[in-house]
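Just so it is clear, none of the values below were taken in a lab; they were calculated from the coordinates. Predicted model, so just to flag it, every value in this text is computed and none were measured. A quick note on method: Cβ atoms are made from the backbone with ideal geometry, for glycine too, and the neighbour counts reach across all protein chains shown.
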Amino acid sequence: MAEVQSESNHNGGVLEGGGDESFVPKAEGFWVLYQGCWLRAPAVQSVKIVQEQFKARPDDILLVTYPKCGTTWLKALAFAVTNRFRHAATSADHPLLTQHPQDLVPFLEMPYRQLHPLADLEKLPSPRLLSTHLPDTLLPPCVATLGCRVVYLCRSPKDVLVSLWHFLYKVNKNYSIDKAFELFCKGESSYGPIWEHNLGFWKESISNNDRVLFLKYDEMMAQPVEHVKMLAEFVRVPFTEEEIRCGVVEDVVQLCSFDTLKSMPANSSGVSDRIGGVPMENSSFFRTAKVGDWANHLTVEMAGKLDDIVEEKLRGSDLAF
Ligand code: A3P
């Protein structure tokens with residue numbers, strides 16, 4: 001097992017042990033580099049546990065995202081699609097009407113696995129719908145060798161940065177957009193660098209498109225019906241002609257739409273600790289869902305700099321935002 005490598009080029013890197021203190025960058029040096037990926041210190045232990053103990057099943061479906069790329073939406077869509085035979089999207093008692101989408105699909109590495117043993121995941125019936133923010137390099141090898149299907153959702157890095165900043169600012173009012181930008185441009189952000197995260201799954205989706213479905217948030221926003229059909233096909237529960245004719249796909253899209261989910265009491269009120277020691281408002285996962293909202297928060301110079309960095313990092317890959 002590779003050792004945790006603490007950051008060397010930061011001034012006075014602070015590697016906290018857990019809880020609210022460590023959730024948000026406060027000064028310089030907030031994450032640890034573990035096998036090439038920036039993680040919060042308490043996350044490292046969890047990732048090790050997942051790497052060493054997670055037992056994948058061949059029919060597991062993994063929803064993989066970099067934070068703030070639309071995880072909540074993807075969880076809702078995948079849940080609605082795969083459970084539609086038990087819960088019609090129009091049913092008055094659909095679980096998405098009363099439960100937060102984040103709680104309907106468990107994370108591999110969260111809540112931190114020291115507190116919540118992986119045995120919780122063992123109890124789930126197959127086929128399991130699971131989610132993770134881990135890059136492909138940190139996923140346990142059994143996920144690939146057993147052929148587990150991966151649905152990967154990415155998003156324009158500028159919108160990710162802004163969404164992430166808003167999210168973290170809620171728990172630390174000292175966390176400026178300038179600081180968030182500076183670190184993000186260096187690839188430093190939980191599960192970063194984002195370009196490495198995107199590239200790993202992009203390459204896998206090209207070499208193995210039966211195993212990895214690569215989706216983009218902006219395209220999904222523009223054509224949700226087409227994407228939901230694609231998703232259903234990929235997870236081996238394609239919509240039938242009859243379902244399509246009856247508008248079942250549109251029903252799923254409507255149920256999982258930002259406006260519908262945001263208005264649900266389970267999503268608009270209350271506080272939950274999904275990470276371990278960091279209670280967050282349930283509404284934190286629903287902000288504006290606007291493509292291009294970065295323009296309201298980044299200067300033209302900032303946007304240009306981040307675009308240049310991302311373009312350079314992705315050069316030669318055919319992946320672009
Ligand atoms: P913004 O902050 O740009 O509004 P994650 O779920 O990975 O944490 O990502 C959160 C982002 O997805 C937020 O973006 C949030 O508003 C947006 N989002 C949440 N639910 C959504 C939905 N049903 N449809 C589209 N976007 C959604």
**Asked** Where a Cα-Cα gap under 18 Å defines reach, which aspartates and glutamates qualify for residue 203, not counting those fewer than 8 residues away within the same chain?
**Response** 136, 311, 312, 318
**Message:** Please compute the contact order of the chain in relative form: average sequence separation of alpha-carbon pairs under 8 Å and at least six residues apart, divided by the residue count, as a percent.
**Reply:** 23
**Item:** Long-range amide H partners of residue 215 with built H, under 5 Å
**Value:** 152, 153, 154
**Message:** Over the Cα atoms, compute the radius of gyration (one decimal) and Dmax (the largest Cα-Cα distance, rounded to a whole number) for the chain, in Å.
**Reply:** 19.0, 62
**Message:** Compute, for region 56-314, the length of the dipole vector about the Cα centre, with Cβ point charges of +1 (Lys, Arg) and -1 (Asp, Glu) only. Units Debye, rounded to 20.
**Reply:** 460
**Asked** Considering every Cα-Cα pair within region 103-233, what fraction, in whole percent, is farther apart than 21 Å?
**Response** 52
**Fill in**
With 0.36 nm assigned to each residue of separation and the Cα-Cα distance removed, residue 57 to residue 296 gains 81.7 nm
**Message:** If I model a spin label at residue 221 and residue 126 as a point 7 Å from the Cα along the Cα→Cβ vector, what separation in nanometres do I get?
**Reply:** 3.8
**Message:** Around residue 150, under 10 Å between beta carbons, what's the net of Lys plus Arg minus Asp minus Glu among the other residues?
**Reply:** -1
**Message:** Step by step: find N for region 108-162, compute 2.2 N^0.38 Å, then divide the Cα radius of gyration by it. What's the final number?
**Reply:** 1.35
**Prompt:** Tell me, what is a quarter of the convex hull surface for the C-alpha atoms of region 233-321, in nm² with one decimal?
**Reply:** 10.2
**Prompt:** Quick one: which of 48/75; 170/313; 75/186; 158/313; 290/313 span more than 22 angstrom between C-alpha atoms?
**Reply:** 48/75; 170/313; 75/186; 290/313
**Fill in**
Descending packing, highest mean Cβ count within 10 Å first, for 293-299, 242-248, 283-289, 58-64 is 58-64, 283-289, 293-299, 242-248
**Request:** May I ask what percent, to the nearest 5, of DSSP beta bridges between residues of the chain are antiparallel?
**Result:** 30
**Message:** Using each residue's phi in region 111-121, evaluate 6.51 cos²θ - 1.76 cosθ + 1.60 at θ = phi - 60° and report the 3J(HN,Hα) Karplus result to the nearest Hz, with x for Gly and Pro.
**Reply:** x, 3, 5, 5, 8, 10, x, 4, 4, 4, 6
**Message:** Rounding to the nearest 10 and keeping the result within 0 to 90°, find how far the Cα-based axis of helix 300-314 lies from the longest principal axis of the chain.
**Reply:** 80
**Request:** Given the peptides 134-147, 34-47, arrange them by the average over their residues of other C-beta atoms within 10 Å, most packed first.
**Result:** 34-47, 134-147
**Message:** Quick query: amide H of residue 113 versus all other amide H atoms, modeled in the peptide plane; which residues come in under 5 Å with a sequence gap of 5 or more or a different chain?
**Reply:** 46
